[in-house]
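Undergrad: Before I ask anything, here is the structure I am working with.
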Amino acid sequence: MSEHYYSNRPTVEHDEREFEFQLRGQTLKFTTDAGVFSKDRIDYGSVVLIEEMQIAETDLVLDMGCGYGPIGLVAAKLASRGRVTMADVNERAVALARSNATRNGIQNVEVVQSFLFDNLGDREFDVILTNPPIRAGKQTVHQIFEEAYPRLRPNGSLWVVIQKKQGAPSAMSKLEELFPTVEKVTQDKGYWILQATKG
């Protein structure tokens, strides 16, 4: 069976590479590796989410499925007086996210290896961000939505990026079952940015 980026311990041979990328007007440096999601460049969906997400200076933020860290690290820059937790099941992604935080001088982050919310204790967040692992299947994606709701503080928001052809309409329907307010914030090259807000 071929290995996916949501394997907890990738066995594919290492192939580290480095690049710089401008996000929200800031240039960040990234190291990536084989066995993690979108290792050659930051995927377009993540970029659209990063450009649209709304984060206040003091927010407590979770990046669920953080990969090597682009979404969470930009969130940490925006929540300069808050804190960002970055979680991923993939131990290689977790190590890269930690090193990328260090190399960009970002200190208000904690990176946790966790299958979904399993290792996050009882912490709650103002904002949860996710570019969910579509290839892990619809059940896993919907589980993220279900488990995110009780982790959000009152008026907290879950931000999701998902391609229309990979199930954005059904994702929106699922979010509408769980959250009182769901909005399609933007649509760009087939990627939908959804914001689900807890009442």
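The values are calculated or read from the model by the stated rules, or taken from the named source; none is laboratory data. Everything quoted here is computed from the prediction, not taken from an experiment. Note that we place each Cβ from the backbone using ideal geometry, even for glycine, and neighbour counts take in every protein chain shown.
Quick grid of which residues meet (1) surrounded by 11 or more Cβ atoms within 10 Å (Cβ to Cβ); (2) modelled with pLDDT of 70 or more:
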position	(1), (2)
2	no, no
11	no, no
14	no, yes
30	yes, yes
40	no, no
54	yes, yes
58	yes, yes
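Undergrad: Between 110, 176, which is acidic (Asp, Glu) and more than 14 Å from the chain's Cα centre (by Cα)?
TA: Working: 110 fails: more than 14 Å from the chain's Cα centre (by Cα).
Step by step, each of 110, 176 is checked, and only 176 is acidic (Asp, Glu) and more than 14 Å from the chain's Cα centre (by Cα).
Undergrad: How many of the residues making up region 153-193 are touching an Asp or Glu at 6+ places or on another chain (Cβ under 7 Å) and within 19 Å of residue 65 (Cα to Cα)?
TA: Here is the first cut: in region 153-193, the ones touching an Asp or Glu at 6+ places or on another chain (Cβ under 7 Å) are 153, 156, 178, 182, 185-186, 193.
Now restrict to residues that are within 19 Å of residue 65 (Cα to Cα): 156, 193.
So the answer is 2.
Undergrad: Ok, one more. Which of the following residues is of a type in the set (D, E, K, R), part of a helix (DSSP H, G or I) and in contact with a strand residue (DSSP E or B) (Cβ under 9 Å, 6 or more places away or on another chain): 176, 183?
TA: None of the others qualify; the one that does is 176.
Undergrad: Now a separate question. Can you find, within region 60-90, the residue that is modelled with the lowest pLDDT among those that are within 16 Å of residue 115 (Cα to Cα) and surrounded by fewer than 24 Cβ atoms within 10 Å (Cβ to Cβ)?
TA: Across region 60-90, the extreme among qualifying residues is 89.
Undergrad: Against the conditions (1) more than 15 Å from the chain's Cα centre (by Cα); (2) modelled with pLDDT of 95 or more, where does residue 138 fall short? Just the number, please.
TA: Of everything listed in (1) more than 15 Å from the chain's Cα centre (by Cα); (2) modelled with pLDDT of 95 or more, residue 138 misses just condition (2).
Undergrad: Further question on the same structure: Of all residues in region 139-165, how many are in a strand (DSSP E or B) and more than 17 Å from residue 191 (Cα to Cα)? Walk me through how you get there before you give the answer.
TA: Applying the first criterion (in a strand (DSSP E or B)) to region 139-165 yields 152-163.
Among the residues that remain, those that are also more than 17 Å from residue 191 (Cα to Cα) are: 152-157.
Residues that pass the stated criteria total 6.
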